[in-house]
Amino acid sequence: MTVGELVKELNGLDPKTRIVISRETDMSLEFFEVGDVSIGVGTPSRDDDGKPRFKFEKDGPARWLFIGAEEG
């Protein structure tokens, strides 16, 4: 998802609406509250299992928006 797509989804919502991240695992449904948002510059990649990775570098080719989650 891009920042533009996220902004479009959030457009028109009450600004006081809480943002919660849900994550479903084999065993449970977990909820996290958004704690912070920051921009990271670096190089994205994937590990051997296909999971995304990001190496923070001052002159990296990518700018990603990171959303910090706090267990709720």
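Applying the selection to segment 23-32, what residues are farther than 10 Å from residue 69 by Cα and either in a strand (DSSP E or B) or of a type in the set (Ser, Thr, Tyr) (or both)? Don't jump to the end; show me each part of the working.
So in segment 23-32, the residues farther than 10 Å from residue 69 by Cα come out as 23-30.
Within segment 23-32, 23, 24, 25, 28, 29, 30 meet the criteria.
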Checking residue 71 against (1) of a type outside the set (Ser, Thr, Tyr); (2) over 17 Å from residue 2 (Cβ atoms); (3) surrounded by 10 or more Cβ atoms within 10 Å (Cβ to Cβ); (4) in contact with a Phe, Trp or Tyr (Cβ under 7 Å, 6 or more places away or on another chain), the condition it does not meet: (3)
Residue among 35, 60 that alone is surrounded by 10 or more Cβ atoms within 10 Å (Cβ to Cβ), part of a loop (DSSP other than H, G, I, E, B) and touching a strand residue (DSSP E or B) at 6+ places or on another chain (Cβ under 7 Å): 60
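Every number here is computed from the coordinates shown, using simple stated rules; none is lab data. Source: prediction; values computed, not measured. Please note: Cβ atoms are built from the backbone with ideal geometry, for glycine as well, and neighbour counts cover all protein chains shown.
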